[in-house]
1. What is the percent of Cα-Cα separations in the range 80-183 that go past 18 Å?
2. Can you give the angle from 0 to 90° between the axis of helix 87-109 and the longest principal axis of the chain, with both taken from C-alpha atoms, to the nearest 10?
3. Tell me which of I7, V58, I150 sits at the most positive position along the dipole axis of the chain, charges placed on C-beta atoms (Lys, Arg +1; Asp, Glu -1).
4. Could you derive backbone 3J(HN,Hα) for the range 11-27 from the dihedral phi with the Karplus parameters 6.51, -1.76 and 1.60 (θ = phi - 60°), listing whole Hz in sequence and x where the residue is Gly or Pro?
5. Please list, in order along the range 49-55, the HN-Hα scalar couplings obtained from phi with the Karplus expression 6.51 cos²θ - 1.76 cosθ + 1.60 (θ = phi - 60°), rounded to whole Hz, x for Gly and Pro.
6. Over 24 Å between C-alpha atoms is what I'm after, so list which of K6/K31; K119/K175; K83/K170; K106/K138 land there.
7. Pick from A14, A49, A142: which residue has the top mean-square fluctuation in a GNM of the chain where Cα pairs under 10 Å get a spring?
8. Longest segment of the chain with no GluC sites (Glu not before Pro) in a DSSP loop having at most 15 other Cβ atoms within 10 Å?
Amino acid sequence: MKDLEKIFLENQEAFNSEEPENGHFERFEKKLKSPKKVLRFNYWYSLAAVFVIVILSVLYAYERVQNSEQQTVELSNEYLALKDVSPEYAEVEFFLASQVEEGMSKIEQIDFFNNPAEKQMLLDELKAMDSVYTNLQKELNANPNDERIIEAMIQYYRTKVIIMNNIINKFEQLKTRKNESTEI
């Protein structure tokens, strides 16, 4: 910094050799006064622009949070089913689900149980199998076109129908044996 001052002091005559044009000081003074007005004008516009940007950012963030919460609720309440994949799978699901429902109603009508708690336990176990299907639905949500998941869902229904039919057949066999033994 001292070197710069030294250069100016040594060459002061060279710097002061020329005079500014006529009206230079008036134009300079005018420029000094006008930016203050422009500055105030720009200051308020800038402040308003920042305010609008902040408001829009808050609204955008709020909407994003609302949408993500709504999607989370929708995903947690509703999973894809086979009917959502294709019409052919919808028919298969309808057929197998109706067989499962028919089997459940037959099992609920069985009155061969000695204790009502035994019957309730069996029904609870059959309903607990539905957690497997719910997990498969979650997987289908994540991978909607995965044939392995679709096949597993169909296999779930088939397995449940087979288990229910086996239970119904066993109770019918027990019932016929009991009837035969009472006849003898």
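Nothing in this text is a laboratory measurement; each read-out follows from the coordinates by a stated rule. This is a predicted model, so every value here is computed, not measured. Ideal geometry is used to build each Cβ from the backbone, glycine not excepted, and the neighbour counts take in all protein chains shown.
1. For the range 80-183, the share of Cα pairs beyond 18 Å comes to 55 percent.
2. It is inclined by approximately 50 degrees.
3. Looking along the dipole axis, the top candidate is I7.
4. Each residue of the range 11-27 in turn: 10, 4, 5, 5, 6, 9, 6, 10, 9, x, 5, 5, x, 4, 5, 5, 5 Hz.
5. In residue order, the calculated couplings are 5, 4, 4, 5, 4, 5, 4 Hz.
6. K6/K31; K83/K170; K106/K138
7. A14
8. Of all site-free stretches, the longest is 79-184.
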